[in-house]
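This report concerns only the one structure given below.
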Number of protein chains: 2
Amino acid sequence: MAILGEFELIERFFTRPTGRAALGIGDDCALLAPGPGLALAISSDMLIEGRHFLSTVAPDRLGHKALAVNLSDLAACGARPLAFTLALALPRAEEDFLEGFARGMFALADRHGCELVGGDTTRGPFAICITVFGEVARESALLRSGARAGDDVWVSGTLGDARLALEAFRGTLSLDEASFAHARRAMEMPEPRVGLGLALQGVASSAIDVSDGLAGDLAHILRRSGVAAVVDVDALPRSAVLAAQPAATQRECLLAGGDDYELVFTAAAGRRDEVLAVGASAGVPVTRIGAVHAGSGLRFVDASGQPDPAVIASFDHFKS
Amino acid sequence: MAILGEFELIERFFTRPTGRAALGIGDDCALLAPGPGLALAISSDMLIEGRHFLSTVAPDRLGHKALAVNLSDLAACGARPLAFTLALALPRAEEDFLEGFARGMFALADRHGCELVGGDTTRGPFAICITVFGEVARESALLRSGARAGDDVWVSGTLGDARLALEAFRGTLSLDEASFAHARRAMEMPEPRVGLGLALQGVASSAIDVSDGLAGDLAHILRRSGVAAVVDVDALPRSAVLAAQPAATQRECLLAGGDDYELVFTAAAGRRDEVLAVGASAGVPVTRIGAVHAGSGLRFVDASGQPDPAVIASFDHFKS
């Protein structure tokens, strides 16, 4: 509570009729109950200007992305979105910004039936914290710990475009206008794979969303599941824009790019047709990129099965 | 995700055995289910350095307060704490800070059986966002909308010491060492009235916690309930330290201080003995400070019932 006129700000930009929540914005707490026998899936992400978004982003795209990265966590659990809270620190209350931010955020929220039920606004360095709630049957939630030797490794959509856009913004490479618009859209308007996550329940053995980069995120699955994997770098799905880049750029964007918000998941090798059918029904391409086996660690090979000389072990290495 | 060694940081300072949550830290989402027939009460607060806490605060006190202000929202709903998520943006990962912050936060969490189930850490301007979850029966949750003409207005504990400490930090007044230590503790270590909130279910007709100042917060109850109230300024409970200040300072700290995290609530006049008994059983003094009547607005009078010349209409007026 600190922006002058906070209450007017909330009333004007963030208050809508209460839907499924028993009690929404305007009391000390929101009240929310999952359906009978279901658990609430909860995830929280904080976005900081300069770190998770650039000052150049359009407000409606920022509103979209702030919610999208949280919905992506629900997707990775196979949970159905229900509601979210928004805590927003702003240097000042700018109507144009707030109008655009709310519009982009609610457009995505409405597509997924996800209701804003509470939050906080304050003056401060630009930061956005969203906590999202979904419902899922405990026993069918997609966990990181379920991968088994013999499973295939899959990924949805394409990888690497968001990182490509970031490098273009940083000036380490240049893209023609159409390519830049394509990559920038991937970075600023990621599409959370909610429908795919729901449909993968009972089919996938484990899942995670690719927020830090494929290499690091898949490694979480392997560690939690106590298994190893081999991934074919040449099989990784990429856009035509990324495929036009030098091989080293492609590899870095594909494996350590992050901000992809695709699902990487495992499923028993006997269920390949089911996985492909699930992807088709969810309208999201899914690509088989590797295999799980006993042991530990993650290895990369090329299409001929030879070890890739540029092994990228972890994402932490790429950030500082 | 951005601090170098984020995973080690979470592992070292914030990972503990999973308790009531079906799934805690370490997957894409936490899973949480309220008891049969109960709803989840949810609240989210963001704390920004310089606005909600000072750089001089000890890390353990900051950890306490960041959770306390959220538990206070659960208390105001009459909800029993279950779990919380923590999103933390830090300029850098300082072990001493994190150790103290986690210690203070978990000490309070453990007293209330409230479990850390997820969150996010990132590099950025110092900001803390906690979302807290409690359970409550929908029909007995304490709402802001239940005050009725004829009710009494009550408040727990004492008001104004946190604001007094802030003014001392700002240098607008000076306190002797013991008085400053007392007031500073009130500002840095507020005690959320969780037990009182639980015990007030079925007794109080409405409740809110005093985070922005009594005048502004009580006004929320009146607006939501469609009623008016008269409050006796002389009856407002205050510490001996505040009572030793000039009258104008007392009035400002009592009515517009904020950061008190006491409960202001209403109850039918016929239930005075019950309210006092509930306060005694919860170990928190409760004081009757006014009365609800038909109409709209909040008026202040002195002990003789005369209108107070220094009417403070709204809290927004005092912050900028």
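Of the residues making up the range B:232-255, one or more are free of Cβ contacts under 8 Å to residues at least 60 places away in the same chain, open to solvent by 10 Å² or more (accessible area, probe 1.4 Å) and not aliphatic (A, V, I, L, M). Being in a loop (DSSP other than H, G, I, E, B), in contact with a helix residue (DSSP H, G or I) (Cβ under 9 Å, 6 or more places away or on another chain) and not aliphatic (A, V, I, L, M) is a property that residue A:37 has.
Mind telling me which of the residues B:149, B:168 ends up being open to solvent by 10 Å² or more (accessible area, probe 1.4 Å) and either in a loop (DSSP other than H, G, I, E, B) or on the phi > 0 side of the Ramachandran plot (or both)? Every option except B:149 fails the conditions.
When residue A:220 is tested against (1) in contact with a helix residue (DSSP H, G or I) (Cβ under 8 Å, 6 or more places away or on another chain); (2) under 24 Å from residue A:134 (Cβ atoms), just one condition goes unmet, and that condition is (1).
The set of residues in the range A:295-305 being open to solvent by 40 Å² or more (accessible area, probe 1.4 Å) and of a type in the set (A, V, I, L, M, F, W, C) consists of A:303 alone. Scanning the range B:22-72 for residues that are more than 30 Å from residue B:186 (Cα to Cα) and of a type in the set (D, E, K, R) gives B:27, B:28. If you check every pair at least six apart or on different chains, which have Cβ atoms under 7 Å apart with a residue in the range A:80-96 that is more than 8 Å from every other protein chain (Cβ to nearest Cβ) first and a residue that is outside any strand (DSSP E or B) and polar (S, T, N, Q) second? Within 7 Å, the pairs are A:84/A:70.
Within the range A:227-271, which residues are acidic (Asp, Glu) and not in a strand (DSSP E or B)?
Looking only at the range A:227-271, we keep the residues that are acidic (Asp, Glu), and these are A:232, A:234, A:252, A:259-260, A:262.
Correct list: A:234, A:252, A:259, A:260, A:262.
For the range A:59-68, the condition holds for no residue, the condition being that it is within 10 Å of chain B (Cβ to nearest Cβ) and either assigned to a helix (DSSP H, G or I) or farther than 11 Å from residue A:194 by Cβ (or both). On the stretch given as the range A:46-64, residues that are open to solvent by 30 Å² or more (accessible area, probe 1.4 Å) and either modelled with pLDDT of 90 or more or charged (D, E, K, R) (or both) total 6. Within the range A:82-97, the set of residues being open to solvent by less than 40 Å² (accessible area, probe 1.4 Å) and either acidic (Asp, Glu) or within 25 Å of residue B:121 (Cα to Cα) (or both) comprises A:82, A:83, A:84, A:85, A:86, A:87, A:88, A:89, A:90. The number of residues in the range B:175-186 that are open to solvent by 60 Å² or more (accessible area, probe 1.4 Å) and more than 16 Å from residue B:56 (Cβ to Cβ) comes to 3.
Quick check on residue B:207: is it closer than 14 Å to residue B:264 by Cα and either β-branched (Val, Ile, Thr) or crowded, with 18+ Cβ neighbours inside 10 Å (or both)? Taking the combined requirement at face value, the residue satisfies it. Within the range A:122-139, identify whether any single residue is crowded, with 22+ Cβ neighbours inside 10 Å and over 23 Å from the mean Cα position of the chain (by Cα), and answer yes or no. Yes, the range A:122-139 contains at least one residue that is crowded, with 22+ Cβ neighbours inside 10 Å and over 23 Å from the mean Cα position of the chain (by Cα). Within the range B:212-222, is there a residue that is in contact (Cβ under 8 Å) with a residue 40 or more places away in the chain, more than 14 Å from chain A (Cβ to nearest Cβ) and at positive phi? Looking for residues that are in contact (Cβ under 8 Å) with a residue 40 or more places away in the chain, more than 14 Å from chain A (Cβ to nearest Cβ) and at positive phi, one finds none in the range B:212-222, hence no. Number of residues in the range B:114-133 that are more than 7 Å from every other protein chain (Cβ to nearest Cβ) and assigned to a strand (DSSP E or B): the value is 7. In this structure, residue A:75 does not satisfy being small (Gly, Ala, Ser), within 12 Å of another protein chain (Cβ to nearest Cβ) and more than 23 Å from residue B:27 (Cβ to Cβ). Each residue in the range B:138-160 was checked for being away from every other protein chain (no Cβ under 14 Å), under 17 Å from residue B:72 (Cα atoms) and charged (D, E, K, R), and 0 of them qualify. Return the residue satisfying two criteria in turn: it lies in the range A:105-121 and is at pLDDT 90 or above and open to solvent by 10 Å² or more (accessible area, probe 1.4 Å), and of such residues it is nearest to the chain's Cα centre (by Cα). In this case the residue turns out to be A:112. Summed over the range B:276-294, the residues that are over 17 Å from residue B:215 (Cα atoms) and either over 20 Å from the mean Cα position of the chain (by Cα) or open to solvent by 50 Å² or more (accessible area, probe 1.4 Å) (or both) give a count of 7. Sub-7 Å Cβ pairs linking a first residue in the range A:278-294 that is closer than 12 Å to residue A:154 by Cα to a second residue that is acidic (Asp, Glu) and crowded, with 16+ Cβ neighbours inside 10 Å, at least 6 apart or interchain, are A:288/A:152; A:289/A:232; A:290/A:232; A:291/A:152; A:292/A:151, ordered by first then second residue.
The values are calculated or read from the model by the stated rules, or taken from the named source; none is laboratory data. On a predicted model such as this, the values are computed, not experimentally measured, just so you know. Every residue, glycine as well, gets a Cβ built from its backbone with ideal geometry; the counts of neighbours run over all protein chains shown. Quick note on the areas: whole protein, heavy atoms, side chains included, nothing else; ligands and nucleic acids left out. Shrake-Rupley method; radii C 1.70, N 1.55, O 1.52, S 1.80 Å.
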